[in-house]
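Structure first, commentary second.
Each value in this text was obtained by applying a stated rule to the coordinates, not by laboratory testing. Treat the numbers as computed from the prediction; the structure is a model and nothing was measured.
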Amino acid sequence: MALWDRLKESASQMQTQLTARKNDLKSGAFRDASMAMCALVAAADGTVDPAERQRVAQLIAGNEVLQNFPADDLRRRFEENVGRLTADFALGKVSVMQEIAKAKKKPTEARAVIQIGIVIGGADGDFDKDEQAVVREACYALDLPPHEFDL
């Protein structure tokens, strides 16, 4: 199976798992960590062009699990995190990782945050090395083994 096909299948499986746990994913910590993860994946290469920003915003708005939260609130949180990362990537990354780490207390939420990062990263068909690296770092912030997610 080609890498692209495995990536699509993995992202699809993760979205299915997320949807199955939708009712367990309603906390503010999950919301904040998810938006931080989306921003981190979008800015993984150090920049976020307008097209990428729009694509991720559309993915957030269309994600069934994230529909537990008001779309405007999610967009605002995503944009704030992107702003931190684009202003100063290294400093912004520290702040964003702190947001992600808020989900550490609930293993279901922590895993869901990582899965959202993988779904967002793989949505364009190319879960590249930079995106994989930041999701792997987020695993460490959440005390999750990266190999559990094939990272």
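For this structure, a couple of remarks:
- Average projection area in nm² (convex hull over Cα atoms of the stretch 77-151, one quarter of hull surface): 4.9 nm²
- Entries of 106/129; 104/129; 105/129; 26/105; 93/129 with Cα pairs more than 22 Å apart: 106/129; 104/129; 105/129
- Between residue 79 and residue 64, the contour length at 0.36 nm per residue exceeds the alpha carbon distance by 3.4 nm.
- Its relative contact order, with pairs defined as Cα atoms under 8 Å and 6+ residues apart, puts the stretch 53-140 at 18 percent.
- Between residue 87 and residue 150, residue separation times 0.36 nm minus the direct Cα-Cα distance comes to 19.6 nm.
- If you wrap the stretch 42-105 in the convex hull of its Cα atoms and look at it from every side, the mean projected area works out to 4.6 nm².
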